[in-house]
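Undergrad: This is the structure I want to talk about, given as structure tokens.
The values are calculated or read from the model by the stated rules, or taken from the named source; none is laboratory data. Given the structure is predicted, the values throughout are model-derived calculations rather than measurements. Backbone-built Cβ (ideal geometry, glycine too); neighbour counts: all protein chains shown. Note: areas computed on protein heavy atoms with side chains; ligands, DNA, RNA excluded. Shrake-Rupley method; radii C 1.70, N 1.55, O 1.52, S 1.80 Å.
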Amino acid sequence: MKIKILLISDIHGNYPALTAIDSKLDASSFHYIVNSGDCLVYAPFANETITWLTEHQAISILGNTDQKVIKLLQGKSFKKPGDPEKRIMYTTSAEVLTKANHKYLLSLKKASVLELLPFDKPDKNLKMRLGIFHGSPADHKEFLFSDTPDTRFHELAAMTHCHIVVTGHSHTPYHKTLSNIDFINPGSVGRMFDGDPRASCATLEINEDSIIVQHHRIAYDIKKVVSKIRQMNLPEIYAKMFQEGKKLN
């Protein structure tokens, strides 16, 4: 049994970062691509991002920013964020989406389970369940960090029947094995907060007797993102945010 999976999350419309990962790791060489949500908002490449996910048959779920874009597409609004500087990043993402990508976004669910069967021995009794969540199995918006107490992970383990739990939302890479469950966050492809602006992702290799997780940080063309932000007259603070790899508002 050997299954290779590319784990990504929190792309936030950063297509240049996404393609840098593809170029470095060769997305087509993986059996699956798993995306834990927040495809859109903050970097201005909404259509390019969703088209890439579609073309690569990524298994994607909704993130909280994606849900707000959907509200706008449905003619609704939302209270938070109230800051006009932030809201324009949502409205711009909604306005530019093609009909096909609009439809794709509406098709996504809040969570998904991937049942993995070994390719060499397709026995249903050997299947391994990989759960895909944005925040956590308990709460779509829960932040899980590398220093979140182990007691919380044990509580979450009791709430799921999955062998592997992949989450996003916190933009913080980690891998913990607790209560016989592997909890993995690949970090953010498009919007890291730790002062390192490089794209973050993870690779997962499942063998018959082991699970190997590797986290990656990959440089990408930040100037392309900054140029597009300025071309679209979007708030300059986001150009600075991508350059510094920090959350600035």
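Undergrad: In terms of Cα to Cα distance under 16 Å, which lysines are near enough to residue 71, apart from those fewer than 8 places away along the same chain?
TA: 79, 80, 86, 99, 103, 109, 110
Undergrad: Less than 16 Å apart at the alpha-carbon level, and either on another chain or at least 8 residues along: which lysines does that give for residue 76?
TA: Reachable lysines: 68.
Undergrad: Using only Cα atoms, tell me the angle between helix 84-96 and the longest principal axis of the chain; keep it within 0 to 90° and round to the nearest 10.
TA: So the inclination is approximately 80 degrees.
Undergrad: At 1.4 Å probe radius, can you tell me the per residue accessible area of segment 138-249 in Å²?
TA: 47 Å²
Undergrad: Starting from the alpha-carbon convex hull of segment 118-217, give the projected area averaged over all orientations, in nm². Walk me through the numbers before you get to the answer.
TA: On the way: hull surface 27.4 nm².
Computed as one quarter of the Cα hull surface, the answer is 6.8 nm².
Undergrad: Can you give the translational diffusion coefficient of the chain in µm²/s, computed by Stokes-Einstein from the Kirkwood radius over Cα pairs at 20 °C and 1.002 mPa s?
TA: On the way: Rh = 18.3 Å.
The estimated diffusion coefficient comes to 117 µm²/s.
Undergrad: In degrees between 0 and 90, to the nearest 10, how far off the longest principal axis of the chain does helix 64-73 point, with axes built from Cα atoms?
TA: 50 degrees
Undergrad: Tell me which aspartates and glutamates have Cα within less than 20 Å of residue 176's Cα, excluding those fewer than 8 residues away on the same chain?
TA: 10, 139, 142, 147, 150, 155, 194, 205, 208, 209
Undergrad: Sticking with this one: Taking the highest mean first, how do the peptides 223-231, 47-55 order by number of other beta carbon atoms within 10 angstrom per residue?
TA: Values: 223-231: 16.3, 47-55: 18.6.
Highest mean packing first, the order is 47-55, 223-231.
Undergrad: Something else: Please report the accessible area of residue 31 (heavy atoms, 1.4 Å probe, ligands and nucleic acids excluded) in Å², nearest 10.
TA: For residue 31, solvent-accessible area is about 90 Å².
Undergrad: If I compute solvent accessible area with a 1.4 Å probe over the protein chains, what percent of it on the chain is carbon and sulfur? Don't skip to the answer; put the middle values down first.
TA: Details: 5660 of 11440 Å².
Looking at the chain in its full context, I get 49 percent from C and S.
Undergrad: Can you work out the accessible area per residue across segment 1-84, with the rest of the protein chains kept in place, probe 1.4 Å, in square angstrom? Write down the numbers at each step before the final one.
TA: On the way: 3120 Å² over 84 residues.
Roughly 37 Å² per residue, with all protein chains present.
Undergrad: Oh, and also: Just from its helices, what would the mean residue ellipticity at 222 nm be for the chain, if runs of 4 or more DSSP H residues each count -39500 (n - 2.57) and the sum is divided by every residue, rounded to the nearest 500 deg cm²/dmol? Walk me through the intermediate numbers first.
TA: Numbers: 8 runs with 80 residues, N = 249.
Theoretical 222 nm ellipticity from helices: -9500 deg cm²/dmol.
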